[in-house]
Amino acid sequence: MTVTVPSGSGFQVSTNSATGFDSSATVTVSGDVNGPVGATLSGVPIYVKFAPMAKQPYSGSVTNASGGATNVLVWVDGTGQVIGGTVIIFR
């Protein structure tokens, strides 16, 4: 399964709460996707980090997609603020 966020959306995703944030993350499923039971994915957290690059509102969706499965969208939003020359998170 691949989890993606749109380029320039101000958000990044990872399967680790502290590291590895990027525009997409890959999650390994267990089982045989072509078998009678299929593959399973449970208990794998996906972390979303707000990473604004400018003072502006950001919104978009994080997409969970996997071949043969229904895509799942999670809407995210936030506003970047500049204080003392540094973009900070204000939510």
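Read the figures in this text as sums done on the coordinates, not as results from a lab. All values derive from a computational prediction rather than experimental measurement. Neighbour counts are summed over all protein chains in view; Cβ atoms, including those assigned to glycine, are modelled from backbone coordinates with ideal geometry.
A few comments on the model shown:
- When peptides 45-57, 9-21 are ranked by their average number of other Cβ atoms within 10 Å per residue, the highest-first order is 9-21, 45-57.
- Net length gained if the chain between T28 and V82 were fully extended (0.36 nm per residue, minus Cα distance): 15.7 nm
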